[in-house]
């Protein structure tokens, strides 16, 4: 279920402070982000965020195509190694 329109997008205040600080410094530092539910805004274009996936921070470069999506969509939390049956079939050949 999506967030109500009247509430607006979910962006924590501390993230906006970090974004403003990076823009003011002029450097392209990676902003570490633990809140995967944060909505991507147009102000974030061209910035790199380190989105936490439960083990490490995955660098995500924000482009104009990502606006309106959540950061969690671009940092996968599970690694798929394939099915066990597929491995057995390959081993037998």
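The values are calculated or read from the model by the stated rules, or taken from the named source; none is laboratory data. All of these numbers come straight from a predicted model, not from anything done at the bench. Cβ placement follows ideal geometry from the backbone for every residue including glycine, while neighbour counts extend to all protein chains displayed.
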key: Count of residues meeting criterion [modelled with pLDDT of 85 or more, loosely packed, with under 10 Cβ neighbours inside 10 Å and assigned to a helix (DSSP H, G or I)] in the range 65-93   = 1
query = When you go through (1) at positive phi; (2) out of contact with any strand residue (DSSP E or B) (no Cβ under 8 Å at 6 or more places or on another chain) one by one for residue 4, which number turns out not to apply?
reply = (1)
request  = Could you please let me know if residue 19 is in contact with a strand residue (DSSP E or B) (Cβ under 8 Å, 6 or more places away or on another chain) and assigned to a strand (DSSP E or B)?
outcome  = no
request  = Consider residue 11 carefully, then state whether it is at pLDDT 95 or above, surrounded by 14 or more Cβ atoms within 10 Å (Cβ to Cβ) and touching a strand residue (DSSP E or B) at 6+ places or on another chain (Cβ under 9 Å).
outcome  = no
inquiry  = I want to confirm something. Restricting to the range 40-64 and keeping residues that are in contact with a helix residue (DSSP H, G or I) (Cβ under 8 Å, 6 or more places away or on another chain) and surrounded by 16 or more Cβ atoms within 10 Å (Cβ to Cβ), which single residue is nearest to residue 1 (Cα to Cα)?
reply    = 40
ask   = Restricting attention to the range 5-16, which residues are part of a helix (DSSP H, G or I) and under 17 Å from residue 45 (Cα atoms)?
value = 15, 16
query = Is it the case that residue 36 is in a loop (DSSP other than H, G, I, E, B), free of Cβ contacts under 8 Å to residues at least 60 places away in the same chain and either surrounded by 12 or more Cβ atoms within 10 Å (Cβ to Cβ) or under 12 Å from the mean Cα position of the chain (by Cα) (or both)?
reply = yes
note = Log entry, pairs with first residue in the range 39-56 being at positive phi, second being modelled with pLDDT of 95 or more and crowded, with 16+ Cβ neighbours inside 10 Å, beta carbons closer than 9 Å, six or more apart or on different chains, reads 46/62
